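Before any comments, here is the structure.
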Amino acid sequence: MPRWKTTKNILTDFGEYFDDNWMNYDRIFQYAPPVIPWTAPRPMQIEDVDLWEVIAETSGPTGVYAAYMPYGELYIVTDRHSIKAEFSGWNANNRLERFLKASNISYPKGENKPHV
């Protein structure tokens, strides 16, 4: 099940954004926040994002998040609730994957398993 967080949830209060009625829906697209693409002429910045999709979180310090509202190529990696890395623009997902692999952080695609 997809999860979403605000920047404040990620960095400060550790909560989650959700619809109280999500169990009343049959499909994810019925309760997911609307997808509003980033259309500004400048690159998206963290301050522009109202809602992040949770890509991965460990039971401790690390989280990987993608800009969801507005929707665009911006990813952040957090460590102990502070931003450790940011990837935006063209090829951002590939750069994110390389960073996660080099940092031994699991990535849900299955290709990036930590070296133990």
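None of the figures in this text is laboratory data; all of them are computed from the coordinates on show. Just so it is clear, the structure is predicted and the values come from calculations on it, not from any experiment. Glycine gets a Cβ as well: all are built from the backbone with ideal geometry, and neighbour counts include every protein chain shown.
Tell me, what is the percent relative contact order of the chain, built from C-alpha pairs under 8 Å that lie six or more residues apart?
Relative contact order, the chain: 18 percent.
So which trypsin sites (Lys or Arg not before Pro) in the range 26-107 pass both tests, a DSSP loop state and at most 10 other Cβ atoms within 10 Å of the Cβ?
Arg27, Arg80
Evaluate the charge dipole of the chain about its Cα centre and quote only its size in Debye, nearest 20, assuming +1 on the Cβ of each Lys and Arg and -1 on the Cβ of each Asp and Glu.
Roughly 480 debye for the chain.
GNM, the chain, Cα, under 10 Å: largest mean-square fluctuation among Val77, Val54, Val35?
Result: Val35 has the largest fluctuation of those listed.
Which percentage, to the nearest 5, of the DSSP beta bridges contained in the chain is antiparallel?
Percent antiparallel among DSSP bridges in the chain is about 95.
Return the label of the correct value of Rg/Rh (Cα atoms, Kirkwood Rh), as calculated from the structure shown, out of [x] 1.01; [y] 1.10; [z] 0.97.
[z]
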